[in-house]
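Everything on this sheet refers to the single structure shown next.
The values are calculated or read from the model by the stated rules, or taken from the named source; none is laboratory data. Source: prediction; values computed, not measured. Heads up, the Cβs are rebuilt from the backbone with ideal geometry, glycines too, and the neighbour counts pull from every protein chain shown.
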Amino acid sequence: MAYSQSKTETVANHLRARFMEGNVEGHEIVVALISMVKAEKIELDEVAPILQTVFFEQPQGILLALEKASTLIDDQLIDSILQEVSE
């Protein structure tokens, strides 16, 4: 079940705050969002608006996070993350 619009905005604002505090890196946010899509918590079309919020609509920041995440993750990693979370 996907989140409502207000919950999606809450997720985006929470992730932005964590990012700004230095608690997470951009690529970690991408991994979290991909995991949420795969777990059917958010829809794929919600990822871009969330990333825009997190990175203050700066395309370069979004691209860097996506590029780094793409070199680090694969479907097996996402499945492993989801399995650990659901245990």
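Give the residues of segment 32-43 that are surrounded by 16 or more Cβ atoms within 10 Å (Cβ to Cβ) and either modelled with pLDDT under 85 or not aliphatic (A, V, I, L, M) (or both), sorted by residue number.
Residues satisfying the conditions are S35, K41.
Note down all Cβ pairs under 8 Å where the first residue falls in segment 20-43 and is of a type in the set (K, R), the second is in a loop (DSSP other than H, G, I, E, B), and they're at least six residues apart or on different chains.
From segment 20-43, the pairs are K41/M1; K41/A2; K41/Y3.
When you scan segment 9-31, how many residues do you find that are surrounded by fewer than 19 Cβ atoms within 10 Å (Cβ to Cβ) and either among the aliphatic types (A, V, I, L, M) or modelled with pLDDT under 95 (or both)?
Number of matching residues: 5.
Restricting attention to segment 44-87, and to residues there that are assigned to a loop (DSSP other than H, G, I, E, B) and at pLDDT 90 or above, which single residue is nearest to the chain's Cα centre (by Cα)?
F55
Which of the residues spanning segment 20-65 are under 19 Å from E9 (Cβ atoms) and acidic (D, E)?
E21, E40, E43, D45, E46, E57
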